[in-house]
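K.L.:
Have a look at this one.
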Amino acid sequence: MARRTPELGRFTDVALLVLISLAEGQKHGYRMISDIEEFSGTSLEPGTLYGALMRLEERGWIEAVQPAERRKPYRITDGGRDALREQLATLRRIEQAGVRRVAWGTA
Amino acid sequence: MRAGVLRAVAGAVLSLYPKAWRERYGEEVADLVTARPVRLRTVADLAAGAGDAWLHRRRIPGARPLRLPLAAVLVAGIYGLWLLWSPGARDLAGLGSVWDEAARAGSLADELSGTATTMFASAGALALLSLAQLGTAVRAAGKHAPLGAAARTTGRRVVVTGLAVVLPIMLVLTMYAGLMLDAGEPLGPLGGAITGGFFVPPLMALILPLPLIAATSPVLSPAARAAGKSLTVAAVLNAIAWLAVAVLVAMGLREASPWFVTSLAAGAVLSVGMAALVARAVLRRAPEDPVMLPERTQLGRAPF
């Protein structure tokens, strides 16, 4: 998983999933849980999700949107998008290193 | 467990979150709990989330700093100190054996014991002096035109509160004096040296409401600040006295039981913390700037 961001602690991985989910558009908590389960297979519980949302909001990586309906949606900010790009680049480097090492092991 | 019960438990767990968190996210999470399946792990996850939210309360958007009421902290401090005093620190056998061991070093033990006793007593005297400073200002308050009426009202509040706390103050002073004069079982030189540390901060805490009330009046505020300075010196003397006690106990440490040392150390921390809290509270409420009275005009002092 991604490099740990000290301020996010054990929520680093969940925060990454939330940022990926919001990168395609604003979502409320219920839709985020469903979306994350769909694209990653990770089933998030509300306590974990909102622990990550609190940290992402505090860092200014996501923000609440004025709700048009009962549920309050969140959207990713420009800073959040930059942070997501950085995290994904780190993941790519890890993935490439892993693939290379697995290839050496089987050679 | 039935889903309905788990859902109810999950809803109850939400009330364990900090108020700021509930105001910000409570409705959304309650909605999730209603709309999604609730399992045992959902409840456990919410409980862990509540603990996390309390631990990282400052991260909650819009959260204000957590403030415990000063009065509650000081009342708890007084109870804590006296619980540590008896049966913790007032262990006659422990006091005697630690003193005997410390006294082997010669006159240093006597000097340290005398220093601690004098410092604690001086701290108590300074705390009482702050009362005298306020009393003088309250008596003169009514004569201070054009703010006399308001100052008189505040002065009356100081007097009424003073009457309410005079009995507890007398009680603390009587207990302190009684122990110092060896009424009941003699505490010995070490007991005499530490007693003040357990009674002076409660005395300061009982006096505290008076300068805090006085600080609300511009006329009485300088007197409240003067009282705050006296209480600050009292807090410093209290801390110095505890340093002397610490050296004394270190000298007799070989004979000290872990329970005695723990009680005394916790008592010292609580005593120093309480005294500092009282002094800081007064200095913060009574600002340094003196009251700016209006310029005098030909018609006398201009009204506000």
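K.L.:
Using a 10 Å cut-off on Cβ to Cβ distances, tally the other chain neighbours for every residue of B:222-233 and report the average as a whole number.
P.N.:
Average per residue, whole number: 0.
K.L.:
How far is helix A:29-40 tilted, in degrees, relative to the longest principal axis of the Cα atoms in chain A, given as a value from 0 to 90 rounded to the nearest 10?
P.N.:
That works out to roughly 20 degrees.
K.L.:
Compute for the range B:3-59: radius of gyration divided by Kirkwood radius, i.e. Rg/Rh, restricted to C-alpha atoms, rounded to two decimals.
P.N.:
With Rh from the inverse mean 1/r over Cα pairs, Rg/Rh is 0.96.
K.L.:
A further question on this structure: For a distance above 23 Å, tell me the whole-number percent of Cα pairs in chain B that qualify.
P.N.:
Tail fraction, whole percent: 66.
K.L.:
Along Cα→Cβ, 7 Å out, is where each label goes; now give me the distance between the ones at A:ARG71 and B:LEU163 in nm to one decimal.
P.N.:
Each label point lies 7 Å from its Cα, and together they span 6.4 nm.
K.L.:
For chain B, what are the DSSP H helices with axial Cα length of 15 Å or more and mean Kyte-Doolittle hydropathy of at least 0.0?
P.N.:
Correct list, ordered by number: B:3-14, B:40-55, B:70-83, B:92-103, B:107-141, B:148-180, B:188-207, B:221-251, B:258-285.
K.L.:
Same structure, new question: Rounding to the nearest 10 and keeping the result within 0 to 90°, find how far the Cα-based axis of helix A:78-106 lies from the longest principal axis of chain A.
P.N.:
Tilt relative to chain A: about 30 degrees.
K.L.:
Can I ask one more? For the range B:40-143, run through the trypsin sites (Lys or Arg not before Pro) and keep only the ones in DSSP coil with at most 12 other Cβ atoms within 10 Å of their Cβ.
P.N.:
B:ARG67, B:ARG104, B:LYS143
K.L.:
Using Cα centres only, tell me the gap between the range A:59-83 and the range B:20-96 in whole Å.
P.N.:
Cα centroid of the range A:59-83 versus Cα centroid of the range B:20-96: 29 Å apart.
K.L.:
If contacts are Cα pairs under 8 angstrom and at least 6 residues apart, what is the relative contact order of chain B in percent?
P.N.:
25 percent
K.L.:
Please report the relative contact order for the range A:6-106, taking Cα pairs under 8 Å with a sequence separation of at least 6, and give it as a percent rounded to a whole number.
P.N.:
Computed value for the range A:6-106: 28 percent relative contact order.
K.L.:
Next question, about the same structure. So for each of A:37-43, B:28-34 I average, over its residues, the number of other beta carbons within 10 Å; can you give me the resulting order with the highest mean first?
P.N.:
Top of the packing list down: B:28-34, A:37-43.
K.L.:
For peptide B:55-62, how many partner chain Cβ atoms fall within 10 Å of a residue's Cβ, on average?
P.N.:
The mean count of partner-chain Cβ atoms within 10 Å per residue comes to 3.
K.L.:
So how much slack lies between B:ALA44 and B:ALA149, counting 0.36 nm per residue of separation and subtracting their Cα-Cα distance, in nm?
P.N.:
31.8 nm
K.L.:
Nearest 20 debye, what's the magnitude of the dipole of the range A:6-106 about its Cα centre given +1 on Lys and Arg Cβ and -1 on Asp and Glu Cβ?
P.N.:
Charge dipole, the range A:6-106, about its Cα centre: 180 debye, nearest 20.
K.L.:
Same structure again: Given R₀ = 56 Å, what would the calculated FRET efficiency be for A:THR90 paired with B:VAL261, taking r from the Cβ atoms and rounding to 0.05?
P.N.:
Calculated value: 0.65.
K.L.:
Here's another thing I want to ask about it. Straight-line reach from B:LYS229: which aspartates and glutamates have Cα under 18 Å away, leaving out those fewer than 8 places along the same chain?
P.N.:
B:GLU288, B:ASP289
K.L.:
Leaving out same-chain residues fewer than 8 places away, which aspartates and glutamates sit with a Cα under 18 Å from that of A:LYS72?
P.N.:
A:GLU24, A:ASP35, A:GLU45, A:GLU57, A:GLU58, A:GLU63, B:GLU23, B:GLU27, B:GLU28, B:ASP31
K.L.:
Still on this structure, I have one more. Per residue of B:115-121, count partner chain C-beta atoms within 10 Å of its C-beta, then hand back the mean as an integer.
P.N.:
Average neighbour count from other chains, rounded to a whole number: 0.
Since every read-out is calculated from the coordinates, none of them should be taken as a lab result. On a predicted model such as this, the values are computed, not experimentally measured, just so you know. Don't worry about glycine lacking a Cβ; one is built from the backbone with ideal geometry, like all the others, and counts go over all protein chains shown.
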